[in-house]
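Below: one structure, written as structure tokens.
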Amino acid sequence: MSSGQYILYDIASREPCSTWTPNPWKTRLLFNFKGIDFKTKWLHYPEIKPTLESHVTPNEHGIPYSIPTIITPDGEYIMDSRAITEYVESQRAQPSLHLDNNIVEEVEFLWASYMGAIKPIFLNQVPKRILPDESLEYWYATRKEMAGMPVEELEEKKGGESAWDEAEMALREVSALLKKNKKGPFFLGDVVSYADLVWGSVLLFSERIGPDFFGEALKRSGDGQSHLDLLNAIRPWSV
């Protein structure tokens, strides 16, 4: 892997600007874990398409332009957190992220389950708590189209207890996986894998939304301490 500096495109928050959404967290944690030199370029939502459209093609999910995207030192653009991870792992194998371990796929599935369950809540809370003015109009318009209704209405109808009840199933399954290996605090005990970065991105996102949201997630997990132990273990890579 080149020793040159990488560029990480991330989505801007209100000041002080910092990473907040899970997929960019995965790449930031990855770069820091691997010891890769990079700098961040912050984009507001309306800036993503004009910045990337001449450099990338739609990903496997049919999403034309998404964050995170990186620029390698040789000028290659790579979009999508998993594609970035596979590229980095192929170029810098050590320390390994154990991408071939079954735990990675299990945690990625539970990540998607959790994020899907709490979507009615966070789609309305993110613009209220995190996004700067430059991204608000874009967020409200695109998420209304995505949800089929305004995000305020979505949270009113499908958020609250019903959303958390659904999220609880995924949270408790993650707790069981974290407790399976007694060495801890990682899913593979004292060995770091990509699963830790994946679930770490959810914990950092939940924490960023606010203590009420994060506290509810920990409570619903059935074993909040195991999640806090993982979060504390990955904290050095969350800068």
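The values are calculated or read from the model by the stated rules, or taken from the named source; none is laboratory data. If you're wondering where the values come from, they're calculated on a predicted model, not measured in any experiment. Because the Cβ atoms are built from the backbone with ideal geometry, glycine has one as well, and the counts that use them run over all protein chains shown. Side chains included, ligands, DNA and RNA excluded: accessible areas come from the protein's heavy atoms. Shrake-Rupley method; radii C 1.70, N 1.55, O 1.52, S 1.80 Å.
Looking at Arg172, is it closer than 27 Å to Tyr87 by Cβ, open to solvent by 60 Å² or more (accessible area, probe 1.4 Å) and part of a helix (DSSP H, G or I)?
Answer is no for this residue.
For the range 96-112, what are the residues that are free of Cβ contacts under 8 Å to residues at least 60 places away in the same chain and in a helix (DSSP H, G or I)?
Asn102, Glu105, Phe109, Ala112
Among the residues of the range 206-225, write down those that are farther than 22 Å from Asn23 by Cα, without any contact (Cβ under 8 Å) to a residue 24 or more places away in the chain and buried (at least 16 other Cβ atoms within 10 Å of the Cβ).
Gly224 - this is the single residue of the range 206-225 that is farther than 22 Å from Asn23 by Cα, without any contact (Cβ under 8 Å) to a residue 24 or more places away in the chain and buried (at least 16 other Cβ atoms within 10 Å of the Cβ).
Going through the range 142-186 one residue at a time, which ones are within 22 Å of the chain's Cα centre (by Cα), among the small types (Gly, Ala, Ser) and under 23 Å from Ser66 (Cα atoms)?
Matches in the range 142-186: Ala147 only.
Residues of the range 50-59 being in a helix (DSSP H, G or I) and surrounded by 13 or more Cβ atoms within 10 Å (Cβ to Cβ), which ones?
Thr51, Leu52, listed by residue number.
Under the condition of being among the small types (Gly, Ala, Ser) and part of a helix (DSSP H, G or I), which residue from the range 198-225 is farthest from Ile103 (Cα to Cα)?
Per the criteria, the residue is Gly215.
Here are the criteria: (1) within 22 Å of Ser13 (Cβ to Cβ); (2) among the hydrophobic types (A, V, I, L, M, F, W, C); (3) outside any helix (DSSP H, G or I); (4) open to solvent by 20 Å² or more (accessible area, probe 1.4 Å). Tell me which single one Met149 does not satisfy.
Single failed check for Met149: (1).
Report, by residue number, each residue of the range 150-191 that is on the phi > 0 side of the Ramachandran plot and modelled with pLDDT of 95 or more.
Passing the criteria: Gly160, Gly189.
Please verify whether Ala93 is surrounded by fewer than 21 Cβ atoms within 10 Å (Cβ to Cβ) and in a loop (DSSP other than H, G, I, E, B), treating the condition exactly as stated.
In short, yes.
For the range 67-87, enumerate the residues that are of a type outside the set (A, V, I, L, M, F, W, C), outside any helix (DSSP H, G or I) and either over 21 Å from Tyr45 (Cα atoms) or more than 14 Å from the chain's Cα centre (by Cα) (or both).
Thr72, Pro73, Asp74, Gly75, Glu76, Tyr77
Can you name the residue in the range 96-114 that is within 18 Å of His227 (Cα to Cα) and in contact with a Phe, Trp or Tyr (Cβ under 8 Å, 6 or more places away or on another chain) and is also most open to solvent (accessible area, probe 1.4 Å) among such residues? Before you say what the answer is, go through the steps one by one.
First, pick out the residues of the range 96-114 that are within 18 Å of His227 (Cα to Cα): 103-104, 106-114.
Then keep just the ones that are in contact with a Phe, Trp or Tyr (Cβ under 8 Å, 6 or more places away or on another chain); that gives 103-104, 107, 110-111.
Working: Ile103: 14, Val104: 2, Val107: 0, Leu110: 7, Trp111: 41 Å².
The selected residue is Trp111.
Would you call Tyr9 open to solvent by less than 60 Å² (accessible area, probe 1.4 Å), part of a helix (DSSP H, G or I) and modelled with pLDDT of 95 or more?
no
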